[in-house]
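Structure first, commentary second.
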Amino acid sequence: MWSGGKTGTRPGTAQRSRNPPDTAAFNGAVGGNLPPSGGRGRQQAYLFPGMLMMTVQAPAIIVGVRLITDRQSGYLRELLMAPVTRPTLLLGSCAGGTLVSTVQGTVLLTLAGAIGLPYDPLLLALLLAGMIMASFTVTALSLLLAVSIDRPEAFHMLLGLVMMPLLFLSGGFFPLHNLPGWAHALAAVNPLAYGVDLLRRCIALRVPHQAATTAGIEWSGWQPPLLPEGALLLAGGATALLWAAHRFSRPE
C-alpha cells in the first residue's frame with residue numbers, strides 16, 4: 001500500500017511531460033491554432049516569416065533615420081549640390097536601403113534548414129522576392145516619413161508609436177483571426193502584414209506539409225490571391241516613394 005502511494009503519479013504529471021518547457025511559449029501563442037500533428041517544426045515554420053520581416057524592417061527604417069540625420073548635420077545640403085535631381089537621390093537611398101535589408105534577410109534565410117524547410121531553389125527564390133518587395137515598401141514608407149518630418153525627435157517618437165502596433169498586427173507571431181474585428185481592418189492596411197502573409201504563403205506553395213493552415217490577410221472574409229497581394233504590396237511602396245519624391249523635390 002505504501003509503495004503504491006509512493007510510486008503513484010500525480011494528476012497532470014503525464015500531461016506536463018508531453019509539453020516540454022521549451023515549447024510552452026509556442027503552444028500558448030501558436031500551437032492551439034495549428035493541427036495537432038503539426039509539431040514543433042510546423043510552429044517554427046509559422047514563425048519564420050515573422051522573423052524574416054523583423055530582420056528586414058530594421059535596416060529599412062534606418063534609411064529614414066539617416067536622411068533626417070544628414071539633413072540636421074548639413075551633409076544633405078552638400079549632396080544636393082551634385083548634378084543630379086532630388087528624386088534621383090531619394091531613389092538611390094531607397095535602392096540602397098532595399099539592398100541592405102534584403103542582404104540582411106538573406107543571411108537569416110540561409111538558416112531555413114534549421115527549422116525543417118528544404119533548400120528548394122524555387123522556395124528560396126520566392127522568399128527572396130517577397131523580402132525584396134517588403135524591404136522596398138518599408139524603406140519607401142520610412143523615407144516618406146523622413147521627408148515629411150523635420151525634427152529627429154518627432155521622427156523617433158512616431159516610429160515608436162507606429163512600428164510596434166504594425167509589427168503586432170502583422171500576424172508574424174500569432175494568427176490574425178484571433179484578433180477582434182477592428183484589428184482586422186487595421187491589419188488589412190498594414191504593409192508588414194502583407195509581407196508576412198506573402199512569405200508564409202510562399203512556404204505553403206512549395207512545402208504544404210510544413211505550412212500552417214491559418215488564414216492571413218482577409219478582405220471581408222475573402223483572402224486575396226498570392227499575386228495580387230504581392231502587386232498591392234509593391235504598389236503601396238511605389239506610391240509612398242513617389243509621394244516622398246514629390247515632397248523632397250520642393251526646395252527647402
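Selection over segment 74-88 of residues that are outside any helix (DSSP H, G or I) and surrounded by 10 or more Cβ atoms within 10 Å (Cβ to Cβ) gives a count of 3.
Counting only residues that are in a helix (DSSP H, G or I) and open to solvent by 60 Å² or more (accessible area, probe 1.4 Å), segment 96-112 holds 5 of them. The helices (runs of 4 or more DSSP H) falling completely within segment 113-195 that include 1 or more residues that are surrounded by fewer than 18 Cβ atoms within 10 Å (Cβ to Cβ) and of a type in the set (D, E, K, R) map to 152-168. Are there any pairs with C-beta distances below 7 angstrom linking a residue in segment 217-236 that is within 20 Å of L127 (Cβ to Cβ) and open to solvent by less than 80 Å² (accessible area, probe 1.4 Å) to a residue that is of a type in the set (S, T, N, Q) and assigned to a helix (DSSP H, G or I), with the two at least 6 apart or on different chains, and if so which? Qualifying pairs under 7 Å: L233/T137; G236/T137. All told, G41 meets the bar of being modelled with pLDDT under 90 and either more than 20 Å from N178 (Cα to Cα) or not hydroxyl-bearing (S, T, Y) (or both).
Okay, residues lined up against (1) in contact with a Phe, Trp or Tyr (Cβ under 7 Å, 6 or more places away or on another chain); (2) closer than 26 Å to M163 by Cα:
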site: A45; (1), (2): no, yes
site: F48; (1), (2): no, yes
site: V56; (1), (2): no, yes
site: P59; (1), (2): no, yes
site: I68; (1), (2): yes, yes
site: Q72; (1), (2): no, yes
site: R77; (1), (2): no, no
site: L89; (1), (2): no, yes
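The values are calculated or read from the model by the stated rules, or taken from the named source; none is laboratory data. Since the structure is predicted, the reported quantities are computational estimates derived from the model, not experimental observations. Reconstructed Cβ throughout: ideal geometry from the backbone, glycine too, with neighbour counts over all protein chains shown. The area values use the complete protein model at the heavy-atom level, side chains included, leaving out ligands, DNA and RNA. Shrake-Rupley method; radii C 1.70, N 1.55, O 1.52, S 1.80 Å.
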